[in-house]
1. Can you tell which of 221, 197, 178 is over 19 Å from residue 339 (Cα atoms) and either in contact with a strand residue (DSSP E or B) (Cβ under 7 Å, 6 or more places away or on another chain) or modelled with pLDDT under 95 (or both)?
2. Test of understanding: among 191, 173, 184, which residue is farther than 30 Å from residue 251 by Cα and either of a type in the set (Ser, Thr, Tyr) or not assigned by TED's automatic domain parsing to the domain that holds residue 101 (or both)?
3. Given (1) assigned to a helix (DSSP H, G or I); (2) within 19 Å of the chain's Cα centre (by Cα), where does residue 192 come up short, assuming only one miss?
4. Which of the helices (runs of 4 or more DSSP H) found entirely inside segment 90-175 contain at least 1 residues meeting this: among the aliphatic types (A, V, I, L, M), more than 28 Å from residue 234 (Cα to Cα) and modelled with pLDDT of 80 or more?
5. Considering each residue of segment 79-127, count those that are under 30 Å from residue 150 (Cα atoms) and of a type outside the set (A, V, I, L, M, F, W, C), and give that number.
6. Restricting attention to segment 323-361, which residues are out of contact with any Pro (no Cβ under 6 Å at 6 or more places or on another chain) and closer than 23 Å to residue 278 by Cα?
7. Considering segment 185-224 alone, what residues qualify as being within 27 Å of residue 83 (Cβ to Cβ) and crowded, with 19+ Cβ neighbours inside 10 Å?
8. Could you list, in sequence order, all residues of segment 333-344 that are surrounded by fewer than 24 Cβ atoms within 10 Å (Cβ to Cβ) and either assigned to a helix (DSSP H, G or I) or under 9 Å from the mean Cα position of the chain (by Cα) (or both)?
Amino acid sequence: MRQKPDYDKTPVSRQAVWNDSTMINHDSEEDIGAPATRSRAAMDHVSSTSGEMIPHNSCEPTALAAGNSGNPRLAPSAHATEKLFPTCLVAVLRAAAFLCFAGWTWVHFYWEGPYGILLWQDGTYDFANRLGISWDEFVGTDNDEGWLQKWIARIRWLFLACTLLTVTVRPRSYVQMAGLVGGSLLLCVLSYAKYVASQRQLPMFVEHGGQILSPIVLVLALVLGPRHRITIGTAILAVVMTFAGHGSYAIGWWPTPGIFYGMTCVCLGVSYETANILLRGFGILDFAVCFALFIPGLRQPAAMYAVVWGLLTALARPVAGMSMSLNYWGADQFVHEAILRAPHFLLPLYLVILWRPRQEDEPAIAHTASGTDTNPCSTETTS
């Protein structure tokens, strides 16, 4: 009986991998890319040593696609896409939070935050009086700002810090993440102040949900991942709040703000009656988007509509307000209105990218679903 040769003792290891024109010997110090004649000579040496003839072309070339050590069933391009996919999602969320904070930072530096409605009250003065602050010190004089104005002005630096944090925050930067959570609370207080100033109309607070939650979604994406169900659910909630708030005003459930009519008439060049009809239709579509985001077959088209409509409504502010007759064409007074509303279209964009249709990738030749080597010449299984 012929004895089975011990390939491990041969000069050429049995684990050598070759293709039609090149052999790569992992157990030797030879250069990669040796000509095909070397492969044929090596095989002849094996046959002469063992007494068995192994044809040099008896085994089909088998190798994993380069760079697919993480998932052997993905093609190289698909593997690269999968690696860049979370980075793209985080970049969109980072841009949403950055632009939102940047726009509100401009408001606080150029004008003043809307906190006066919360602070200009007897209770605030009583609190300052208990701290030993007089009335003149509290409200200020003609030549000097009071205690209240000084503290309101200092909030601008907090918004500026949050703007920078959206750029510098990274996974495991928990101190910076805590700062962004604090920035979300600042946006919540700001939205509550606008809610009180609007005589406590609920849609005024609800429509700011996208802005309030944009830094929270970014933090969740960094901690849990951009494809985690909590991250996705929070982003959907933010989009629904924004469109439900706008829809409640547009459909007429609460008094429609005059700026809605003004933007519609100026941007579209229509009359008040036509603008009223259009706003009612836009309000119905806003609520349709809110419901469609929870239906798997409709959620991506709904998110795409939300991207377009959120961008158009954000740009409508500077388009309707800017004029060639104003200083800087009025950009200093209206451009920030579009910038701070970036979450209204970037959060839906995050959902559009997340829910994109995926193409099935071709499996690698070398591995079956069970992870075994399909090479007929191999007697080992892959781990």
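1. One residue alone meets the criteria, 197.
2. On inspection, the qualifying residue turns out to be 173.
3. Of everything listed in (1) assigned to a helix (DSSP H, G or I); (2) within 19 Å of the chain's Cα centre (by Cα), residue 192 misses just condition (2).
4. Correct list: 116-119, 147-168.
5. Matching residues across segment 79-127 total 15.
6. 337, 341, 344, 345, 348, listed by residue number.
7. Scanning segment 185-224 gives 214, 215, 216, 217, 218, 219, 220, 221, 222.
8. Correct list: 333, 334, 335, 336, 337, 338, 339.
The values are calculated or read from the model by the stated rules, or taken from the named source; none is laboratory data. Everything quoted here is computed from the prediction, not taken from an experiment. With ideal geometry, Cβ positions are generated from the backbone for all residues, glycine too; neighbour counts draw on all protein chains shown.
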